[in-house]
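A.B. asks: Following this message is one structure expressed as structure tokens.
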Amino acid sequence: MATLLGTEPAPPAPDRPRRPDPYPGLWRRGRIAAALAPLSVLVMLGHSRVPDRVGHLGSLIETFLPWTGLAVPLLLLCAAVRRSATAAVAALLPAVVWSALFGGTLLDKRAGGADLTVVTHNVNEHNPHPAHTARVLAASGADVVALEELGDATAAYRTALAADYPYHSIHGTVGLWSRYPLADARTVDIAPWPRALRATVRTPEGPVAVYVAHLLSVRFSAASGFGTDARDAAARRLAAALRAEPLPRTVLMGDFNGTTDDRALSAVTARLRSAQEESGAGFGPSWPASFPVARIDHILVRGMEPRSAWTLPATGSDHLPVAASLRL
């Protein structure tokens, strides 16, 4: 009808030109990098399901478990390089999970009101300065000092600590020095040679069973992976001795060659509380002394309350000394 009346239909409006995307591919790039996020979360949450039979991979992961948080800055770096919003958003997932698992450890939980201060240190049998090491330990003000890997310097430590610690007991490569009398000192059988001892420390607040242990070292090799069999066997023997301990207040100190996250040490760690985890500030890594990445030196307790935990300055050893104050 409109055509018959001499009118033409209006031409269609021209398409408006689209604005160029100022961030082309912002969400499309970085998808491969973003896949690291769920993978790292699986390791954080499912580390106990990682098989431990072949190369003890599970124990290796658990030794350095807090370092899984490095996935977060790695993802953010990838996001920046690739200009990827996908990778940046994906970093939120491991960040939230890591914070839920380990964030509380970073808080400063140290407090006062302690009755007993203890220190443990793997002094390293090749330590070139045993007298200096002994002075550092005595200067901490500890009431009880536990030493591991004494070796040929045993006499030097005995001499250097005698003035501050009149009571001591040495069994093989481990020793215990105390301001308070010791009783019932004996070797704890965890290895073919003496690497652990047990003694009663008669404090003014009552007796405390003190164990000093140096679990056997782990070995790395291409053939067997993370070798922990000897260490794990020693841990089981130590756990049996702790189960049989009659005194309600017990302190276990020493070099475990593993962290409290390591499932292979659960026979020991499940029955005791970590002074560092309950009353420290941060993870308190103790090894290696030059750049600590793992806490393999521990003070564990039961029947008493940890009030504070910390590491001492480096000595001539490849380990840092660790200390804790306890309320009996």
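A.B. asks: So, in nm, how far is label Leu45 from label Val81 when the simple model puts each one 7 Å beyond its Cα toward the Cβ?
C.D. replies: Between Leu45 and Val81, the simple spin-label model gives 2.8 nm.
A.B. asks: Same structure, new question: Of all DSSP beta bridges located in segment 116-327, what percent are antiparallel, nearest 5?
C.D. replies: 80
A.B. asks: Neighbour counts of other C-beta atoms within 10 Å: give me Thr259, Thr203, Thr187 arranged from fewest to most.
C.D. replies: Fewest-to-most ranking of Thr259, Thr203, Thr187: Thr187, Thr203, Thr259.
A.B. asks: Translational D (Stokes-Einstein, µm²/s) of segment 31-104 at 25 °C and 0.890 mPa s when Rh comes from the Kirkwood sum over C-alpha pairs?
C.D. replies: 193
A.B. asks: With each pseudo-label sitting 7 Å past Cα toward Cβ, what's the Leu328-Arg236 distance in nm, one decimal?
C.D. replies: For Leu328 paired with Arg236, the spin-label model returns 3.5 nm.
A.B. asks: In whole Å, what are the extents of segment 77-116 along the principal axes defined by its C-alpha atoms, from largest to smallest?
C.D. replies: The Cα atoms of segment 77-116 stretch 56, 16, 10 Å along the principal axes, largest first.
A.B. asks: Follow-up question, since we're still on this one. In Å, the Kirkwood hydrodynamic radius of segment 210-328 over pairs of distinct alpha carbons?
C.D. replies: About 14.8 Å for segment 210-328.
A.B. asks: Mind jotting down the distance between the C-alpha centroids of segment 241-307 and segment 56-114, whole Å?
C.D. replies: Here the answer is 22 Å between Cα centres.
Where a number appears in this text, it was derived from the coordinates with a stated rule and is not lab data. None of the values given here were measured: they were computed from a predicted structure. Every residue, glycine as well, gets a Cβ built from its backbone with ideal geometry; the counts of neighbours run over all protein chains shown.
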